[in-house]
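We did not get these values from a lab; they are worked out from the coordinates using the rules stated. Everything quoted here is computed from the prediction, not taken from an experiment. Cβ: placed from backbone, ideal geometry, glycine included. Neighbour counts: every protein chain shown.
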Amino acid sequence: MHGEKRIFRAIQIYLLSTCYAIPLFGHPAIPWALWPTLSHFAFIIMLILYFIVRPIGPSGDSTATYLFLAFCTFGICSVAIHIISTGNFAGVQYSAYIIVFWIQAYFFWFASRAINWTPARIESIGTIAGICGLVVAIAIYLQFWGILDYRALVSHLPAGANSGPWGVYATYEADVCLGTLN
């Protein structure tokens, strides 16, 4: 029972960490797709806890589980096959970023299946999702109104061609609006 509680706390932390998707640090020699974010660290904690305290015995796998795993595997393989077949490595970093996401989704599924979803836990996850949505919406509005300088959010990352999707924040002028509201 304690192990299940720890896995649930790790799931909560992982979901909360998705509010801030900008890497914590980066280096030009490391592909930007591998720059660590809060959710990467929370994912590692969740993964370790899952393998330490996961329940022993039959997992009750159903057809839905196998379909989800097949979907994740298909996503990972299709990206890899596209890169290999086209020889177009321009999008390799974006593809690596997506593959990292698919791997996280893959293990998140296992962790969420290892706990008993009580109504209180479901409500807790709903509250966390609402908080995350609110934080992201407020950040977009603050960027739109110029209160939150988006360049300050990425000032710790390397600039240039190897800065990934966060490079645009460093290159735009202060009065240019980014986000979904322009």
Output wanted: per-residue J couplings in Hz (rounded whole) for segment 116-126, from phi through Karplus 6.51 cos²θ - 1.76 cosθ + 1.60, θ = phi - 60°, x for Gly and Pro. 8, 8, 7, x, 5, 5, 4, 5, 4, 5, x
³J(HN,Hα) across segment 74-86 via Karplus (A = 6.51, B = -1.76, C = 1.60, θ = phi - 60°), whole Hz, x for Gly/Pro? 4, x, 5, 5, 5, 5, 5, 5, 4, 5, 5, 6, 8
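Listing LEU15, LEU67 from the residue with the fewest other Cβ atoms within 10 Å to the one with the most, what is the order?
By the 10 Å Cβ count, ascending: LEU67, LEU15.
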Hz values of 3J(HN,Hα) by residue in segment 8-18 - Karplus curve (6.51, -1.76, 1.60), Gly and Pro given as x: 5, 4, 5, 5, 4, 4, 4, 5, 5, 5, 6
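ILE30 to TRP109: FRET efficiency via 1/(1 + (r/R0)^6), r the Cβ-Cβ distance, R0 25 Å, to the nearest 0.05?
With a Förster radius of 25 Å, E is 0.35.
If R0 is 45 Å, what FRET efficiency do you get for ALA152 and CYS77 from their C-beta distance, rounded to 0.05?
In this case the efficiency is close to 0.70.
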